[in-house]
Every structure is written in structure tokens, then in C-alpha cells.
Amino acid sequence: MKHIKRWPALIVLIALICLTGAPSEAAPLRVIIDTDPGVDDAMAILLALNSPELKVEALTVVPGNVDAAQGLQNALKIVSLAGRCDVVVAGGAQHPLSQKLITAQFWHGKNGLAGVELPTSKCKADARFGPDLIIEMAHKYPHELTLIPVGPLTNIALAVSKDPSIASLVRDIVIMGGSVTGGNVNGAAEANTYNDPEAAQIVFNAGWMVTMIGSDVGERTLMTRKYLAKLLAHHGPQSDFVAKLADFYLTRSEKSGYSGAAMYDPLAVGVVIDPALVTLKDMHVDVETKGEFTRGETVANRMGSNENNVLHGDHYEIEGVIALKPNARVCLASDADRFLNLFFSRIRGK
């Protein structure tokens, strides 16, 4: 007789399934990756393309690791290698907003892809201008689109300056850029913010919450020879390509005194797949655009306020503090092993 009491609940459950359909997995997140395709960009793009949690709507190309023309060709070859000509690839800005471009072939090889020559792309570039494409898709998919800029923020700054409304339309913006504990191009600045500080300052103050995956955390999320060995045990077009990139990147990093290769850009994609991979803290972040030694530095206010200095005669006195509204979720730490296992499992799968 005890089982009879369960029938009404069972009937209700069956009725709900009939009305709403069987339970299903969450729909993949729509993303645009804004990229300057170098070695870790290529890894980030392939991670995204091989992750069912994400639907890569487009790659928009920005100059950074390589110039704009080389970056566009690299992006097209990467999506072609993955058999994903359905992904829109569009060129964007040709140079930073207010300074000359600084490229990084030292770290990424002459062609930006460790000197690895991929076959001619079967995919074609979209004729639209990258920032305009970002605006168009933000309106097409309101509150569904996540932006993942992993290069200088030039394209994003151009888009949000032309149409400030996209700041409230995108679901999230997760950047690889900045640092709260010193830079990787000098004592203060991370490479992406250093390459276009004016663009970065626009993006951080556009009215959205920027999730900032900085170089300081990337440098504690290191690919080592141990992980490369796991990849070399599985062959395929994508895994073999990533293995060549990884070997070049590791060799360069080791010669420069590092114990492994920083997974900067892939970690930003990983955070969109699984936010629990990192520890975040809300802060207010500004970007230094004028300092002689600090241009490009991301200045994160860990206190959440500034002292209020009020003039009294010939001097100022502190009269309390002025609260600052957070504009960024700043990454402080990552679960490096869990992320690396995720990355290599996805790449080995292809």
C-alpha cells in the first residue's frame, strides 16, 4: 500500500515531461573570440571549438602578436584545420588607437604560429569590419553573447565607442589582459594592455563588468613537458598542430628562465567554459595611459575606495573615503591542474 501514495507525484512528473519535454543539457554559450592569433591564441581558439559548452559565432582579428593581415590569415587557417568554416572570421582594426603596434614574433615565431605552416585555408574571410560585427551580433543575440578578447582591446573599444548600448546587451566580457602584481613586458604592464592602453581604459569603463584574467595568474597556470608528453601520445591534425606550438612555446619559455609556458589565452576560454576554475574578486580597475614607467598598467583598487582629500588653507586633509563602483571581476588564482587536464582532454579528443 505504501507504493500507491507515490502514484500522484509520478503522474504529475510524467505530465510535466510531456508538456515541457525531457530534461536536456543547457544550450551552449554564444561567444565571439577577439584574437591576435599567436601560439596561445591558437590553443584558445581550438579549445573553444572543441568544447560543447560554447558556440563560437565569430573570430574577430586585432593586431597584436602579429600584424592584422597575418593575424587574419592565421585565424582562417585555424578554423579550416578544425573543419569549422561555419565560424565567421572578420578582420578589424589595423593598428592601436594612439600608438604604433608592437608585435611579438620573439614569443610566437615569424608567422605567429611557431613557424608551423598550415595548409591554405578552405575558409573565407567575412567582409564585415570586426567591431561592426560585434555590434551586430550583440543586438542579434541580446544577453546571450559572451565576448572573449585575448589580444589588445582595440576592436572592443571601437565597438563600444560606436555603440555604447552593447555594454548592457552582452552577457559577459572575459578578457585576457592586465595584471595586479606587475607586468610581463616590463615591471608594470601586461602585453595586451601595453599594446593599446587607451583602448583598455575605454573597455574597463564602458559600463559592464569585465572579467579580467591577468598575466600574473596565467604565469601560475603553466604547461610543462609532462602535459606535452600526454598530448604527443595522441595523434590527429589538431593535436599534432598544438603539440608543435607547445614545444616551440615551451622551448622559448625555458630559454627565458621559466619552468613552463604560461597558458594566458586558453585560461580565459577555460573560465567561460567553467568559471569555477578561478577565484575572482570584484574591484575597480583603471588603465594608466600616461606614466613614464607605468603606461599600460592595470591599476586595481583592492580597497574599493579612495581617500577624500579636502583643501584646508594651504594644505589638504583626509576627510573620509570615496567609494568606487567595481567594474571588473579580477582573477586572483586558478586551479591550474584542473584547467590543464580540461585543455588537453579537449585537444586530444580531436
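Every number here is computed from the coordinates shown, using simple stated rules; none is lab data. Computed from a prediction, not measured in an experiment: that's the story for all the values here. Cβ coordinates were reconstructed from backbone atoms using ideal geometry, including for glycine residues, and neighbour counts include every protein chain displayed.
Compute, for the chain, the length of the dipole vector about the Cα centre, with Cβ point charges of +1 (Lys, Arg) and -1 (Asp, Glu) only. Units Debye, rounded to 20.
1680
Expressed as a whole number of Å, what is the distance separating the alpha-carbon centroids of region 258-332 and region 46-101?
28
Per 10 Å bin, what is the whole-percent P(r) computed from every C-alpha pair distance within the chain?
Once binned at 10 Å, the Cα pair distances of the chain give 5, 24, 32, 20, 9, 6, 3, 1, 0.
Expressed in nm to one decimal, what extension gain is obtained for the pair VAL185 and ASN205 from 0.36 nm per residue of sequence separation less their Cα-Cα distance?
4.9 nm
Tell me, how many Å apart are the Cα centres for region 163-187 and for region 114-152?
Using only Cα atoms to place each centre, the spacing works out to 17 Å.
Between ALA328 and residues 5 or more places away or on another chain, which pairs have amide H atoms under 5 Å apart, with H built 1.01 Å from N, and which residues are they?
Here VAL210, MET283, VAL285 satisfy the definition.
May I ask you to sort ILE166, ILE213 by Cβ crowding, counting other Cβ atoms within 10 Å and putting the fewest first?
Fewest to most other Cβ atoms nearby, the residues stand as ILE166, ILE213.
Measure of size requested: the Rg and Dmax of region 225-300, with Cα atoms as the atom set and Å as the unit; please supply both.
Cα only, region 225-300: 17.2, 49 Å (Rg, Dmax).
Hey, what number do you get for the chain at 222 nm if only DSSP H runs of n ≥ 4 count, each worth -39500 (n - 2.57), divided across all residues, to the nearest 500?
-11000 deg cm²/dmol
Mind ordering 40-53, 221-234 by average Cβ neighbours within 10 Å, highest first?
Top of the packing list down: 40-53, 221-234.
Using the Cα centre of region 118-266 as the reference point, and only Cβ charges (+1 on K/R, -1 on D/E), how large is the resulting charge dipole? Debye, rounded to the nearest 20. Provide the component values of the computation, followed by the final result.
Working: 13 positive and 15 negative charges, 112 e Å.
The calculated dipole for region 118-266 is roughly 540 debye.
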